[in-house]
1. What's the number of the condition residue 53 fails, among (1) open to solvent by 90 Å² or more (accessible area, probe 1.4 Å); (2) among the aliphatic types (A, V, I, L, M); (3) closer than 25 Å to residue 12 by Cα?
2. Which one of these does residue 163 not meet: (1) of a type in the set (Gly, Ala, Ser); (2) within 23 Å of residue 56 (Cβ to Cβ); (3) open to solvent by 100 Å² or more (accessible area, probe 1.4 Å)?
3. Of all residues in the range 131-168, count the ones that are without any contact (Cβ under 8 Å) to a residue 40 or more places away in the chain and within 25 Å of residue 121 (Cβ to Cβ).
4. Collect the residues in the range 71-88 that are polar (S, T, N, Q) and open to solvent by 70 Å² or more (accessible area, probe 1.4 Å), keeping them in residue-number order.
5. Just to verify a result, which residue in the range 32-41, among those that are out of contact with any helix residue (DSSP H, G or I) (no Cβ under 7 Å at 6 or more places or on another chain) and assigned to a helix (DSSP H, G or I), is nearest to residue 7 (Cα to Cα)?
6. Please state which one of 56, 85 is out of contact with any Asp or Glu (no Cβ under 8 Å at 6 or more places or on another chain) and without any contact (Cβ under 8 Å) to a residue 40 or more places away in the chain.
7. Here are some residues: 76, 113, 91. Which one is in contact with a His (Cβ under 7 Å, 6 or more places away or on another chain) and of a type in the set (D, E, K, R)?
8. Quick one: residue 98 ticks every box in (1) part of a helix (DSSP H, G or I); (2) over 21 Å from residue 21 (Cβ atoms) bar one, so which box is it?
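The values are calculated or read from the model by the stated rules, or taken from the named source; none is laboratory data. Keep in mind it's a predicted model, so treat the numbers as computed, not measured. Reconstructed Cβ throughout: ideal geometry from the backbone, glycine too, with neighbour counts over all protein chains shown. These area figures cover heavy atoms from the full protein model, side chains too; ligands, DNA and RNA do not enter into them. Shrake-Rupley method; radii C 1.70, N 1.55, O 1.52, S 1.80 Å.
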Amino acid sequence: MKRKMDLILHPVRLKIVQSLLNGKTMTVHQLAERTQDVPQATLYRHLNKLLEANILSVVQENQIRGTVEKVYALNEPAIQSHEDLLNLTKEEHLQMFMHFTTHLMGMYEHYLEKEKPDLVKDGVTYRVANVHLSDEEYMETAQEIGKIILKAMKNEPSPERKSRNIATIVIPE
């Protein structure tokens, strides 16, 4: 499992994975446009590493002028029910979590690429809070947090409102 995380954390492979999040599919040409500073041979080498690790798959092959153009996608388990979630392997859970954290890293990188990001003014924060709660206290806390977030999600866009992304991760020890 750690090997896959190390594999994805390479800057080129991270950019490839970020490009394919949320069910996107892309050809090598499309990926090359997103990684312009990466030579094509290097891009192919990184794609092959992600294919070998079963992080990516080829979902389509197109015949173009006597050659085959491959279309790549992330391997993501299909989850349509609570039972599907419970039946995922440790490997599939880790892969889903890696996609989630990769997406967060991409959002943060995009924010930092602004001309002059002001983390304090923009309210940027990230932290880990270790709390001690009974199961009942935890459920009550989670429901309260959910109510607050749901209320904020109902706000309509306006000139005085900035779009902000709030992500939550709960991991018991």
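1. Going through (1) open to solvent by 90 Å² or more (accessible area, probe 1.4 Å); (2) among the aliphatic types (A, V, I, L, M); (3) closer than 25 Å to residue 12 by Cα one by one, residue 53 breaks only (1).
2. Here residue 163 meets the rest and fails (2).
3. Residues in the range 131-168 being without any contact (Cβ under 8 Å) to a residue 40 or more places away in the chain and within 25 Å of residue 121 (Cβ to Cβ): 17 in total.
4. 80, 87, listed by residue number.
5. Among residues in the range 32-41 that are out of contact with any helix residue (DSSP H, G or I) (no Cβ under 7 Å at 6 or more places or on another chain) and assigned to a helix (DSSP H, G or I), the one nearest to residue 7 (Cα to Cα) is 41.
6. The match here is 85.
7. 76
8. With (1) part of a helix (DSSP H, G or I); (2) over 21 Å from residue 21 (Cβ atoms) applied to residue 98, the lone miss is (2).
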